[in-house]
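> Structure incoming, see below.
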Amino acid sequence: MKKLFLFVMLLICLGVQAQEKKVNFKLQPTGAFLTEDGKEFAVVEFEGKSSSELYSMVKSYAMLLYNDPDKVISESGGNMISMYAYCEEMCVVSSMGAKGIYGGHYKLMFRFKDGRIRVDAPSIDEELPMNGGFMTGTIGIPSRVFLSDYAKKVCNGNSKKNKEKKEYLESVVNNPINYLLGFSQSNKQKEDENW
């Protein structure tokens, strides 16, 4: 019994350690993002890596992630990279069988020092225009959604649907952040390496 308990504790510790590396910003009712402990940035440690190695790593992952990286990436003196990218399906509004799909831009910023990367809280444009859906000319499907209104609804709502919408919007920014940090590489990179 004692061995089983130790084994379970080891698995829990390994799971917690693996999760600690991932960056996870949470959507606030205002439309802003903060870390789980309320900070406007996260610092990720990369022991033994120089700032230039970390900079090159993030830039190379950005070149793989974005279709047109030159239009998305801004660089500053080898110590900061920011991305201003578009997501076609940032949020969805449904009403009486109709559905509006809204896209918008998000901004990510990375700063580099030896052994660590600072990731500033991501931001999303306040106004999200509709770019798809069906029966979009009906009541309840506006031509644009305002992030602050949408965030207030999904953060303060207690329904499962609101929770899923909140988690989805968080994934819109957290997935690229973690990809760019090298924590969740896709099969695309493996395919590219085996050309």
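> Given (1) under 21 Å from L27 (Cα atoms); (2) touching a helix residue (DSSP H, G or I) at 6+ places or on another chain (Cβ under 8 Å), identify the lone condition not met by I73.
(1)
> Anything in the stretch 122-145 that is in a strand (DSSP E or B), hydrophobic (A, V, I, L, M, F, W, C) and out of contact with any Leu (no Cβ under 8 Å at 6 or more places or on another chain)? List them, or say none.
Kept after step one, since they are in a strand (DSSP E or B), are these residues of the stretch 122-145: 122-124, 127-134, 144-145.
Checking which are hydrophobic (A, V, I, L, M, F, W, C) leaves us with 124, 128, 130, 134, 145.
Correct list: M130, F134.
> Count, please, the residues in the stretch 78-120 that happen to be out of contact with any helix residue (DSSP H, G or I) (no Cβ under 7 Å at 6 or more places or on another chain) and over 15 Å from L180 (Cβ atoms).
Restricting attention to the stretch 78-120, the residues satisfying the condition of being out of contact with any helix residue (DSSP H, G or I) (no Cβ under 7 Å at 6 or more places or on another chain) are 80, 82, 86, 88-89, 92-105, 107, 109, 111, 115-116, 118, 120.
Next cut, over 15 Å from L180 (Cβ atoms) only: 86, 88-89, 92-105, 115.
Result for the stretch 78-120: 18.
> Please go through the stretch 32-60 and give me each residue that is more than 15 Å from I81 (Cα to Cα), surrounded by 13 or more Cβ atoms within 10 Å (Cβ to Cβ) and over 16 Å from the mean Cα position of the chain (by Cα), ordered by number.
F46, K49, S50, listed by residue number.
> Continuing with the same structure: Taking F183 as the residue in question, decide whether it is buried (at least 20 other Cβ atoms within 10 Å of the Cβ), in contact (Cβ under 8 Å) with a residue 40 or more places away in the chain and either touching a strand residue (DSSP E or B) at 6+ places or on another chain (Cβ under 9 Å) or closer than 20 Å to K26 by Cβ (or both).
Numbers: buried (at least 20 other Cβ atoms within 10 Å of the Cβ): no; in contact (Cβ under 8 Å) with a residue 40 or more places away in the chain: yes; either touching a strand residue (DSSP E or B) at 6+ places or on another chain (Cβ under 9 Å) or closer than 20 Å to K26 by Cβ (or both): yes.
No: the conditions fail for F183.
> Follow-up question, since we're still on this one. Under 9 Å by Cβ, and 6 or more places apart or on different chains, what pairs join a residue from the stretch 77-99 that is farther than 15 Å from E167 by Cα with one that is among the polar types (S, T, N, Q) and open to solvent by less than 40 Å² (accessible area, probe 1.4 Å)?
That search, which allows pairs on different chains as well, returns G78/S51; N79/S51.
> Can you list the strands (runs of 3 or more DSSP E) lying wholly within the stretch 11-121 that have 2 or more residues being touching a Phe, Trp or Tyr at 6+ places or on another chain (Cβ under 8 Å) and closer than 24 Å to V154 by Cα? Steps first, please.
On the way: elements: 25-27, 33-35, 41-45, 73-76, 80-95, 98-113.
It comes to 25-27, 33-35, 80-95, 98-113.
> Take the conditions in contact (Cβ under 8 Å) with a residue 60 or more places away in the chain and farther than 30 Å from M80 by Cα and apply them to N156. Does it pass? Write out each step before concluding.
On the way: in contact (Cβ under 8 Å) with a residue 60 or more places away in the chain: yes; farther than 30 Å from M80 by Cα: yes.
It is true that N156 is in contact (Cβ under 8 Å) with a residue 60 or more places away in the chain and farther than 30 Å from M80 by Cα.
> Kindly list the number of the only condition in (1) in contact (Cβ under 8 Å) with a residue 12 or more places away in the chain; (2) hydroxyl-bearing (S, T, Y); (3) in a helix (DSSP H, G or I) that fails for S171.
Condition (1) is where S171 drops out.
The values are calculated or read from the model by the stated rules, or taken from the named source; none is laboratory data. Since this is a predicted model, take the numbers as computed values, not measurements. Cβ coordinates were reconstructed from backbone atoms using ideal geometry, including for glycine residues, and neighbour counts include every protein chain displayed. Ligands, DNA and RNA are excluded from the accessible area calculation, which covers all protein heavy atoms including side chains. Shrake-Rupley method; radii C 1.70, N 1.55, O 1.52, S 1.80 Å.
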